[in-house]
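Computed from the coordinates by the stated procedures, all read-outs in this text should not be read as laboratory data. Note that the structure is a prediction, hence the values are computed from the model and not measured. Cβ: placed from backbone, ideal geometry, glycine included. Neighbour counts: every protein chain shown.
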Amino acid sequence: MHIVVTGANGFIGTHLTRALLAENSRLPPTRLTVIDLSLDKMPGDERLNMVEGSFADNEVLDAALIEPADIVFHLASVPSGLAESNHALGMDVNIHGTIALLDRMKEQSNVPAVVFASSIAVYGRPRVPEVGDDTLPTPNLSYGAEKVIGETLVADYTRRQWIRGCSVRIPGIVARPPEPNGAVSIFFSDLIRNLSSGAKFTCPVSAGAKSWLMSVRCCVENLVLAATMDHAERQVWTLPAMHITIAELVNEIDDLFPDLEADELIEYAPDPWVEENFGSYPPLVCPLAEAAGFHHDGSPQQLVLNALETLNL
């Protein structure tokens, strides 16, 4: 089985790659092609075919698809903040690049499975009491709009039986490494990393700000599940993430590390724009996704423990 991962050198991509290559993998590849602008974080494995460059370039796709793909995880994107500040780049990668990749999958004529990493950014600032399986997208940033377009393309190519595709709306993933990636929501990871190590942190949202969070381990498990499913009836899934306030997150860290007194390490300096866009999420209720097997981390404490686990990798 030939599996392709775009954006493989990113935070989710590196963890997905390790999971696919693990001895207990649900999707053991005979060949795993990883694509990214740089691939310095890849493990050593004879099954790996590393192709550096943009997934949207014809030469890169030629090198990646010498053998037709059976499963594609499309993770590569220009993230929220960067897509907003550089509209042309966001359009080029998030829309035109996705079209180029899907057209290559169509040309293979083997109807490969495609899992598209969408985002909760499709909801913008939700103005509903709760978000569920069928809440309509209302993006208010270019990144969210570009993800909605990607979802629509994947669904249409699936309708035409060119691929077997689905889109998975991913929440805030923690705990990301400290290097900047253009995503505004990285402050959630900064908070967990700083407070758990005893470092001070200035939070850009209030203690009562609420968001949807998930560990990268849990995210990878959901992505792998998506690749194994029959999506004839449904092509878009919102992952059932933990709905948690900043105060609850800080309390969980304080309980795990009582000697650090996490509540005294944090200072709140709310930015109204960040609060409105990343700290005002209503409850998330996704019974259809849960019935299909998608899941969250289980509890706020387990979310923090799973997030801290990634800091040691």
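Along the principal axes of its C-alpha atoms, what lengths does segment 84-126 span, in descending order and rounded to whole Å?
39, 24, 9
Thinking of segment 172-283 as a set of Cα atoms, what percent of all their pairs are more than 21 Å apart?
Tail fraction, whole percent: 42.
Obtain the radius of gyration and the Kirkwood radius of segment 56-120 from its C-alpha atoms and give Rg over Rh.
1.00
Tell me, what is the Rg over Rh of the chain, with Rh the Kirkwood radius over Cα pairs?
Looking at the chain, the ratio lands at 0.96.
Which ³J(HN,Hα) values in Hz, rounded to whole numbers, follow from the phi angles of segment 27-44 under the Karplus curve 6.51 cos²θ - 1.76 cosθ + 1.60, where θ = phi - 60° and Gly and Pro get x?
Once rounded to whole Hz, the list reads 10, x, x, 7, 8, 10, 9, 10, 10, 5, 5, 9, 10, 6, 9, 7, x, x.
Would you calculate a helix-derived [θ] at 222 nm for the chain, using -39,500 (n - 2.57) for each DSSP H run of n ≥ 4 and dividing by the full residue count, to the nearest 500?
That calculation yields -10500 deg cm²/dmol at 222 nm.
Show me 267-274, 152-159, 98-105 ranked by packing, highest mean number of other Cβ atoms within 10 Å first.
In decreasing order of mean packing, 267-274, 152-159, 98-105 become 98-105, 152-159, 267-274.
How much length is gained if the chain between Arg125 and His96 is pulled fully straight, taking 0.36 nm per residue apart and subtracting their Cα-Cα distance, in nm to one decimal?
7.9 nm
Rounded to two decimals, what ratio of Rg to Rh does segment 146-223 give with C-alpha atoms and a Kirkwood Rh?
Using only Cα positions, Rg/Rh for segment 146-223 is 1.11.
Pop the C-beta distance of Asp255 and Ala22 into the FRET formula with R0 = 41 Å and round what comes out to the nearest 0.05.
0.85
Beyond 22 Å, what share of the Cα-Cα pairs of segment 51-160 is found? Please give it as a whole percent.
Result for the distance tail: 36 percent.
For segment 25-79, just list the percent of Cα-Cα distances falling in each 5 Å bin from zero outward, please.
Calculated over all Cα pairs of segment 25-79, the distribution is 4, 16, 30, 28, 16, 5, 0 percent.
Which trypsin sites (Lys or Arg not before Pro) from segment 191-267 combine a DSSP loop assignment with at most 10 other Cβ atoms within 10 Å?
Hits after loop and neighbour filter: Lys200.
Take segment 238-313, compute every pairwise Cα distance, and split them into 5 Å bins from 0; I just need the percent in each bin.
Calculated P(r), rounded to whole percents: 3, 13, 17, 20, 20, 15, 7, 3, 0.
Which value, to two decimals, describes the C-alpha radius of gyration of segment 224-273 once divided by 2.2 N^0.38 Å?
Taking the Cα Rg and dividing by 2.2 N^0.38 Å, one obtains 1.91.
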